[in-house]
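Engineer: First, the structure itself, so that you have it in front of you.
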Amino acid sequence: MPQETSVSRGDQRWAHFRFSVVGPLLAAPPKKGDLQGELKRLARKHWRHPITGQWTAFGASTIERWYYQALSSPQDPVGVLSRKIRNDQGTHPSSAARGNRRAVRSASGLELSASCRQPFRAG
């Protein structure tokens, strides 16, 4: 149970951090045509990583994504900026897919060439 709390606390830290980066843009939106310049200005800054505390930088495209995520959710701009857990977390789809491909090749009598581009008939 403590692990769930620390994960959600980490998610909350990320959400608050991201909002602290884009919040000024939301509070005082830049004039038309000035957004890219503001994003580049923010991208030149160094920020304290919300988990490790190390200094880090984020690209303008990342900050732009955060900005539009927060802008699209005026009821909860902080909540929308939290980290999302992947729906395939804890699974190993690549291993399963590899096993399925082997089974299909085995059943069909096909093997892959060394370049993996063209199948050829084994035999």
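Since every read-out is calculated from the coordinates, none of them should be taken as a lab result. Because the structure is a prediction, the values reported are computed rather than measured. Please note: Cβ atoms are built from the backbone with ideal geometry, for glycine as well, and neighbour counts cover all protein chains shown.
Engineer: Once amide H atoms are built 1.01 Å from N in the peptide plane, which residues 5 or more positions from residue 83, or in another chain, come under 5 Å H to H?
Structural biologist: So residue 83 has HN proximity to 15.
Engineer: On to the next question. Tell me the relative contact order for segment 8-81 as a rounded percent, counting alpha carbon contacts under 8 Å between residues six or more apart. Kindly include the intermediate steps, with their values, before the conclusion.
Structural biologist: Details: 71 pairs, mean separation 29.1, N = 74.
RCO, segment 8-81: 39 percent.
Engineer: A further question follows. Round to the nearest 0.05 the FRET efficiency obtained for residue 61 and residue 16 when R0 = 22 Å and r is the Cβ-Cβ distance.
Structural biologist: Approximately 0.55, to the nearest 0.05.
Engineer: Taking the Cβ of residue 78 as the centre, find all other residues whose Cβ is under 12 Å away and add up their charges (Lys, Arg: +1; Asp, Glu: -1). Working shown, then result.
Structural biologist: On the way: positive: 13, 18; negative: 11, 76.
Residues close to residue 78 contribute a combined charge of 0.
Engineer: Residue by residue through segment 12-17, what is 3J(HN,Hα) from phi via Karplus (6.51 cos²θ - 1.76 cosθ + 1.60, θ = phi - 60°)? Round to whole Hz and write x for glycine and proline.
Structural biologist: Karplus-based 3J(HN,Hα) across segment 12-17 equals 5, 4, 4, 4, 5, 5 Hz.
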